[in-house]
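Accompanying notes for the structure given below.
The values are calculated or read from the model by the stated rules, or taken from the named source; none is laboratory data. From a predicted model like this one, the values you see are computed outputs, not experimental measurements. Methodologically, a virtual Cβ is constructed for each residue, glycine included, from the backbone with ideal geometry; neighbour enumeration extends over all protein chains shown. Surface areas here come from the heavy atoms of the whole protein model, side chains and all, with no ligands, DNA or RNA. Shrake-Rupley method; radii C 1.70, N 1.55, O 1.52, S 1.80 Å.
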Amino acid sequence: MIGYLDGAYLWVKAAHVVFVIFWMAGLFMLPRYLVHHQEGLSIPGEPERWIKREALLRRMILTPSLVIVWVLGLALALNLGLLDGQPGLGWLHAKLALVIALSGYHGWAVGYARKLAAGRPTLSPRTLRLVNEVPALAVILIVVLAEVKPF
Ligand code: HEM
């Protein structure tokens, strides 16, 4: 399938990066919401407000962007020969591993929002704040792999 996107390749790549930005925006916001949600569990009316905000963020930004980033990213990867044994794609394999981990983090954050909605936090506030830094670290590594292609 190498080169099948032809002249559309750069347009698909541009759309991929746009939806990466939306997905990352959502992935930076949701864990921050979780911190506020957990802190407000005992304040009357607060949990309901955070449950609503989290659901909206998920429905409007996180889920659609995740799907579109994956579809466009895989389209680009197939064009580069991911399934054709094309050499020189070590960066793409490493990037895929990190993106799978980031998608797992997305799933974890959505699951933790459900725990908070049920009033059952399982992490200390400090751990929750530390876990907030995961998307930033992942983005640094993924962008370096995509732009520098070091291997
Ligand atoms: C979901 C799975 C993903 C797949 C399969 C994927 C795959 C790809 C592929 C094959 C390219 C084209 C590279 C090139 O033409 O040189 C690309 C470009 C890019 N990707 Fe992804 N990607 C994914 C997710 C992400 C994520 C999560 C980020 C950032 C956090 C990201 C950031 C970028 C950037 C910045 C570029 C542009 C590189 C350039 O300037 O040429 N991608 N991606």
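Between LEU98 and ILE2, what is the label-point separation in nm under the 7 Å Cα-to-beta-carbon projection?
Taking the simple label geometry, ILE2 and LEU98 are separated by 2.5 nm.
Is there a quick way to get the dipole size of the range 6-148? I mean about its Cα centre, with the Cβ of Lys and Arg at +1 and of Asp and Glu at -1; what is the value in debye to the nearest 20?
For this selection, approximately 540 debye.
Once the piece of chain linking LEU78 and GLU39 is laid out straight, how much longer is it, given 0.36 nm per residue of separation minus the C-alpha distance between them?
Roughly 9.6 nm would be gained on extension.
For LEU123 and TRP70, compute 0.36 nm times the residue count separating them, minus their Cα-Cα distance, and round to one decimal in nm.
16.1 nm
Ordering TYR105, TYR4 by accessible area with a probe of 1.4 Å, largest first, what comes out?
TYR4, TYR105
With just the Cα atoms of the chain, tell me how far they stretch along each of the three principal axes, in Å, largest first.
Reported extents, whole Å, longest axis first: 57, 26, 20.
With a 1.4 Å probe and all protein chains left in place, how much of the accessible area of the range 6-148 comes from carbon and sulfur atoms, in whole percent?
Accessible surface attributable to carbon and sulfur in the range 6-148 totals 71 percent.
Packing-wise, with mean Cβ within 10 Å as the measure, how do 109-120, 28-39 rank, highest first?
So the peptides 109-120, 28-39, ranked by packing, come out 28-39, 109-120.
May I ask you to derive the FRET efficiency for ALA25 and ARG114 from their Cβ-Cβ distance with R0 = 35 Å, giving the value to the nearest 0.05?
0.95
Of GLU46, GLU54, which has the most accessible area and how do the rest follow, probe 1.4 Å?
The residues order as GLU46, GLU54, largest area first.
Hey, if you put +1 on the Cβ of every Lys and Arg and -1 on every Asp and Glu Cβ in the range 6-148, which of LEU80, VAL20, ILE43 ends up farthest toward the positive end of that dipole?
Of the listed residues, the answer is ILE43.
Could you report the chain's accessible area per residue, 1.4 Å probe, as an integer in Å²?
Per residue, the chain has 57 Å² of solvent-accessible surface.
Arrange the residues SER65, SER42 by how much accessible surface each exposes, largest first, with a 1.4 angstrom probe.
Heavy-atom accessible area, descending, gives SER42, SER65.
How large is ³J(HN,Hα), in whole Hz, for each residue of the range 19-35 in order, when computed from phi with the Karplus curve 6.51 cos²θ - 1.76 cosθ + 1.60 and θ = phi - 60°, using x for Gly and Pro?
Once rounded to whole Hz, the list reads 6, 4, 4, 4, 4, 5, 4, x, 6, 7, 6, 4, x, 5, 4, 4, 4.
Given 0.36 nm per residue, what is the gain on full extension from ALA136 to ILE51 after removing their alpha carbon distance, in nm?
Value of the extension gain: 28.2 nm.
If you average over every viewing direction, what projected area does the convex hull of the Cα atoms of the range 1-42 give, in nm²?
3.8
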